[in-house]
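A quick write-up on the structure given underneath.
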Amino acid sequence: MIALLTALTMVAAACGGDDGGGGGGQDGGQDGGGEKTLSLAMESFVQNCGFDPTCEFVSYWSMVYTNVLLRPLMNYAHVAGDAGGEIYPDLAADYPEVSADGLTYTFTLKDGVMFGPPVSREVTSQDVAYAFQRMASQSQGAQYAFYYEGVIDGLEVQKEDALDIDISGIETPDDKTIIFHLAEPTPDFAFRMAMPATAPIPSEVADCFKESGEYGRYVVSSSSYMIEGSEDLDITSCDTMQPISGFEPERTLSIVRNPDYDPATDDPALRSNNIDKFVVEVNTNVDDIFNKVVAGELDTSPDDPPAEFLREAVGTDRLPINAVDVLWYIAMNLTQPPFDDIHVRKAVNLIVDKDGLLRAAGGETVGGIATHILPPGMGGPTPEEYDPYATPDFAGDLELAKAEMAQSKYDSDGDGVCDAPECKDVLLLSRNEAPWTEYNPILEDNLGSIGIEAQTRELEGGVAYETMSTTSNNIPIGAHAGWGKDWPDAATFFEALFTSAAIQPGPGVNNNTSLVGITPELNDERELELTGNLEGVPNVDAKFDECGALGLDEGRVECFNELDVELMENVVPYVPYRWDQEAHLISDDITVWEFDQNAGEMSWAHMDVAG
Amino acid sequence: MTRYIIRRLLWVGLVVVLIVFLAYVIFFLMPPVDPARAFAGKRPTPEVLETLREQFGLDRPFYVQFGLFVKRLVIGDEYGWPGFGFSYATRSPVREELFQRALVTIQLSLGAAVVWLLMGIPIGILSAIKRRTFVDRFAMGFALFGVSAPVFWLGLMFLYIFWQKLGIAAGTGYVPFGENPLTWLNHMIMPWVVLALLFAAFYARMVRGNLIETMGEDYIRTARAKGLSERRVIVRHGLRASLTPVVTMFGLDVGTLLGGAIITETVFNMPGLGTYVVRSVFQGDLPATLGVVVLGALAVSVMNLIVDIVYAYLDPRVRYA
């Protein structure tokens, strides 16, 4: 009787169930009726801000925005390699007209670029200006407004509704012209105009959403594709709007062609628009995702393939591998003993077994040994060209490390092994997941051989970041961190990681975890609650400012390379150990694979599947 | 009995509030990360953090936050009743997601419950009747396997054998019943069986043990002496007494599962409460986590009540004031 009652209840629940989604197994490649569908699955839609382009700062969605959904003034070619870092006009008809003093940028919009349904009207300069107004509205929680605040005259994040904000530095004299007045020359300004948050937004839709992330389920296309179901969005009033059906934040995202898109307004070099439909689904079973890729039920996944799939596919066409401009590093706090001594920091650079760390992470498939900070893809030299702490086979060298340690104040007898109490029980912050769980014994052993007794504390990734980024925790060394660019310019590495302006109080805010440039005065002024040795900490602000003021054709790249050398040899905040690579397992249905070097993800703009 | 039920329902409410309070203390007072920081991007500014704390309601004292949470739960919020707020990650109402997923979890849990009852009880009865025979040993071997095999391993093996190699079962995922009943069933069978195996094994052992003990009672001997058939003796007299612990366990097990069969849902990619709570815990999405806690606590408490009521029906000696 219990079984019968239970069964009846279950049937009632099933009949009452809504479309729960979850993926019933969509075939990759061709869908019904000759439609080309790119089918993907991922373990989770990681979002910081509900897919709202004003505030979302997750790289995968940045790719989706700039490849297929939105057209900022400037954009990339969405291809691999150096060509992927070149910038082109997208919504803009041409490159901006820049005044002689570098303070005024004038963009002219292309004719005929349309918002998709349900707005279905031509994009104007006011729509671009509105995107900046949204960033300036504090309630929208724009996560990279700092790239424009203080750069564009009068753009200040404030507690006002977007449409009530007047940004004096943005002029829209007519529907086709937008003029930016800058507070100071900003040579990488064109790159900042390629970020998704700067893409035009229709205020008649977005202004209904006053808080961060709310617009994410109502995003109106300005590009060649749109969220499926956009045409059903009722924009009669704010109250009539219901979330677009093609995006269920916990389950699925379907993107189809925008019927209002005119290819004549676009450049095939930026978008090939081969595919008719993109379907991304959540699948909590990672092995199942890749089994389906192998079986042809899915085309690919942005997730990292498990080791067994990598092993089977390595060396085949089904495993394209691309360098992404991401650095993984061990950060040493310049104020905390024993790392307040440069000889100790250099000794650590010489002892760490980078080859061992790479093998623990999965070998050459996952990346290459990093010998300095700036990845080669961003203009930095290759390991062969520059390795200031070269050791045989990148395995670390005990003799070299000891020779360096012997010069340190913490090695009283000069035997190359730290014997000071400051080298005992040194907290090493790391993560509690692979590959860090494989790294930690290697690092403990390496550090131990030069007398630094590391006590590893493994934390969940986000917790580890927040712990080390909270200045008051005074963590001496952390192995958990990595960093990627926001656009292909070295400034997006060095500014956040090494300038004194980046050192801020509060939990999880500070990315300059080595505290380069800190002074006792800054510590007091910003209430950082730092302990340790704050005197004489190296500062690279002047060099950063010098390089930041240079244009690309004025030696900017070379200048930042000099800064890299300065950091590696005279500051030594890090042990860089890996420049990342992305390996994607793809099905046989994918006929054209392309990689978006800027986004560091697959390139929806150019991929193709079998028809 | 009515007064008893009413009293118990009031206790259910109190228990849920207490559990939610504890969960609130754990997740809000002792979070591993600042919830606002987790959703503020890689270079959070003080303004972004301030905005998120305000929008997430984290800028108020803990007791105010808890009070507002309970209030919204009882009277609803802008998204409906009961009010669970919005997800920090998706900025969408938690309520609609919770209910959609609860339905999937109910289907999974109850379906598995039917399977484990249909497997476990007959196997337990057969094993008790055929004690010390090959049937008994085989049945208990099965029980040992069911208890020992980890659910995640079973799920992966099932997928490997029946989907990947033999191609006779649907793979992972969920298809709503309304969309295609047959496909729905095809996708549910493996998760049901995998989830049911562990419980079927327990129940088989429990029924076997209880029935063996019951069949040794004096009243069973009397029933046989009266000339009743062995089948009648077992079913009408033996089983009824030996199933009361099964009822208790059943209620608790189903109640617990209704809070989310995390491993099974994850392995079979089912959009239930289990996968939802895993995602939300890892991302620090507190409203979503609390929503599942509330539903889970409610499910266990209500199932406990139902068990007690059924217990009174099964055992006439039990009467509630």
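At a glance:
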quantity	calculated
Evaluation of residue A:64 against (1) out of contact with any helix residue (DSSP H, G or I) (no Cβ under 6 Å at 6 or more places or on another chain); (2) more than 14 Å from chain B (Cβ to nearest Cβ); (3) assigned to a loop (DSSP other than H, G, I, E, B); (4) under 28 Å from residue A:378 (Cα atoms) (one fails), failing number	(3)
So residue B:241, is it modelled with pLDDT under 85 and either within 12 Å of chain A (Cβ to nearest Cβ) or more than 30 Å from residue B:79 (Cβ to Cβ) (or both)	yes
Count - residues of segment A:433-449 that are in a loop (DSSP other than H, G, I, E, B) and either among the small types (Gly, Ala, Ser) or at pLDDT 95 or above (or both)	1
The one condition in (1) more than 14 Å from chain A (Cβ to nearest Cβ); (2) out of contact with any Pro (no Cβ under 7 Å at 6 or more places or on another chain); (3) surrounded by 13 or more Cβ atoms within 10 Å (Cβ to Cβ) that residue B:14 fails to fulfil	(3)
Residue match in segment A:365-386 (condition: within 18 Å of residue A:513 (Cβ to Cβ), crowded, with 17+ Cβ neighbours inside 10 Å, modelled with pLDDT of 95 or more and among the β-branched types (Val, Ile, Thr))	yes
From the options B:178, B:111, B:173, residue that is outside any helix (DSSP H, G or I), within 26 Å of the chain's Cα centre (by Cα), facing another protein chain (nearest Cβ under 9 Å) and touching a residue at least 40 places away in the same chain (Cβ under 8 Å)	B:173
Which numbered condition residue B:140 fails, given (1) touching a residue at least 60 places away in the same chain (Cβ under 8 Å); (2) in a loop (DSSP other than H, G, I, E, B); (3) out of contact with any Phe, Trp or Tyr (no Cβ under 9 Å at 6 or more places or on another chain)	(2)
Inter-residue pairs, beta-carbon under 7 Å, first at pLDDT below 85 and in segment B:1-29, second loosely packed, with under 11 Cβ neighbours inside 10 Å, 6+ apart	B:4/B:321
Per-region count, segment A:90-147, residues in a strand (DSSP E or B) and in contact with a strand residue (DSSP E or B) (Cβ under 7 Å, 6 or more places away or on another chain)	11
Residue match in segment B:266-275 (condition: buried (at least 22 other Cβ atoms within 10 Å of the Cβ), closer than 27 Å to residue B:300 by Cα, in contact with an Asp or Glu (Cβ under 8 Å, 6 or more places away or on another chain) and of a type in the set (Gly, Ala, Ser))	yes
Filter pass, residue B:24 being over 30 Å from residue A:219 (Cα atoms), outside any loop (DSSP other than H, G, I, E, B) and out of contact with any helix residue (DSSP H, G or I) (no Cβ under 9 Å at 6 or more places or on another chain)	no
Search result, residues across segment B:89-107 that are within 24 Å of residue B:34 (Cβ to Cβ) and more than 9 Å from chain A (Cβ to nearest Cβ)	B:93, B:94
Within segment B:83-108, considering residues that are in contact with a helix residue (DSSP H, G or I) (Cβ under 7 Å, 6 or more places away or on another chain) and without any contact (Cβ under 8 Å) to a residue 24 or more places away in the chain, the one nearest to residue B:275 (Cα to Cα)	B:103
Out of B:89, B:102, B:36, sole residue that is surrounded by 20 or more Cβ atoms within 10 Å (Cβ to Cβ) and in a loop (DSSP other than H, G, I, E, B)	B:89
From A:205, A:219, residue being part of a loop (DSSP other than H, G, I, E, B), in contact (Cβ under 8 Å) with a residue 12 or more places away in the chain and among the β-branched types (Val, Ile, Thr)	A:219
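The values are calculated or read from the model by the stated rules, or taken from the named source; none is laboratory data. These numbers come from a predicted model, not from an experiment. Because the Cβ atoms are built from the backbone with ideal geometry, glycine has one as well, and the counts that use them run over all protein chains shown.
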